[in-house]
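The values are calculated or read from the model by the stated rules, or taken from the named source; none is laboratory data. Quantities reported herein were computed from a predicted structural model and do not represent experimental measurements. Note: ideal-geometry Cβ built from the backbone for every residue, glycine included; neighbour counts use all protein chains shown. Heavy atoms of the whole protein, side chains included, go into the accessibility calculation; ligands, DNA and RNA do not. Shrake-Rupley method; radii C 1.70, N 1.55, O 1.52, S 1.80 Å.
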Amino acid sequence: MSTKPIGIFDSGAGGLSIWKEISELLPYESTLYISDAKYAPYGTKGKKAILKRSIINTEILLNKGAKIVVVACNTATTNAISFLREKYDVPFIGIEPAIKPAALNTKTNCIGILATQGTLSSALFHETSQLYTKDLNVIEQVGNGIVELIEAGALFSIEMEQLLKSYLSPMLDANMDCLVLGCTHYHFLKPILEKILPKNIKIIDSGPAVAKQTKAILQKHNLLVESPKKGEHAFYTNGSKEVISSLMNWDKATIHKLD
Ligand code: DGL
């Protein structure tokens, strides 16, 4: 057992959707969260730059005592997790677009995947996609501009709604019935998506699965905290504290500045 915190990072506030699932499933665990918003978006960067940011974030978390690292970013996972696993001794948990559950659930044989350029062009995404979607019509769409709007505090804006409508319209024309949210930031789009999508469309998010996997890996390595005392949480950002506090409804004072 270990009382050390779980380290979590993302290019911004998106990974807080994963943090929420983890803190609900494992209330006694402490966490450290890094929002690397100064360098967001990762999705338009090349593999080398994504790798560099992932190493920097991992080292900050390890220096602060993390016992495990959750890469709460599809783009960083698909481009950097195998390297991180080789380089560092702690266990890593990643997140990838939930293609398998979508493939198992679709009745129209058509699924939509909304993700970043960095995720959709990665080798790991292609491998998983080929494994599960052989007989399906898969419509991939790069969510250009979505992360930028969220990080600029414009989640609920007309611009966002228009952007989403334009990205989803080819999927709807093709009769998709499952939409995979392949970026942790997109979790926060759910209220807008529920408004603009027909009711029969299933929105698939990987957050709960990542939390379960985090628990399983902590158990496997005998790293779960033992005492039934509420965990402590620390949030760091090199970007805007306001974006995090308004997305999560938190007091700004609970968020620390990261250089
Ligand atoms: N939350 C990241 C992901 O899951 C966002 C990527 C970005 O910064 O473009 O992919």
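Overview of values
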{"quantity": "Looking only at the stretch 34-52, and only at residues there that are part of a loop (DSSP other than H, G, I, E, B) and within 12 Å of the ligand (Cβ to nearest atom), the one that is nearest to residue 257 (Cα to Cα)", "calculated": "36"}
{"quantity": "Condition broken by residue 176, with the remaining ones in (1) among the hydrophobic types (A, V, I, L, M, F, W, C); (2) more than 15 Å from the ligand (Cβ to nearest atom); (3) in a strand (DSSP E or B) satisfied", "calculated": "(3)"}
{"quantity": "Residue in the stretch 122-154 that is surrounded by the fewest Cβ atoms within 10 Å (Cβ to Cβ), counting only those that are part of a loop (DSSP other than H, G, I, E, B) and more than 12 Å from the ligand (Cβ to nearest atom)", "calculated": "135"}
{"quantity": "Long-range neighbours under 6 Å by Cβ, at least six apart or interchain, first residue over 17 Å from residue 18 (Cα atoms) within the stretch 34-46, second more than 7 Å from the ligand (Cβ to nearest atom) and part of a loop (DSSP other than H, G, I, E, B)", "calculated": "38/238; 38/239"}
{"quantity": "Filter result for residue 195 (basic (Lys, Arg), part of a helix (DSSP H, G or I) and open to solvent by 10 Å² or more (accessible area, probe 1.4 Å))", "calculated": "yes"}
{"quantity": "Selection within the stretch 1-33 - among the β-branched types (Val, Ile, Thr) and within 12 Å of the ligand (Cβ to nearest atom)", "calculated": "8, 18"}
{"quantity": "Qualifying residue in the stretch 29-39 (condition: touching a helix residue (DSSP H, G or I) at 6+ places or on another chain (Cβ under 8 Å), crowded, with 17+ Cβ neighbours inside 10 Å and within 19 Å of residue 205 (Cα to Cα))", "calculated": "no"}
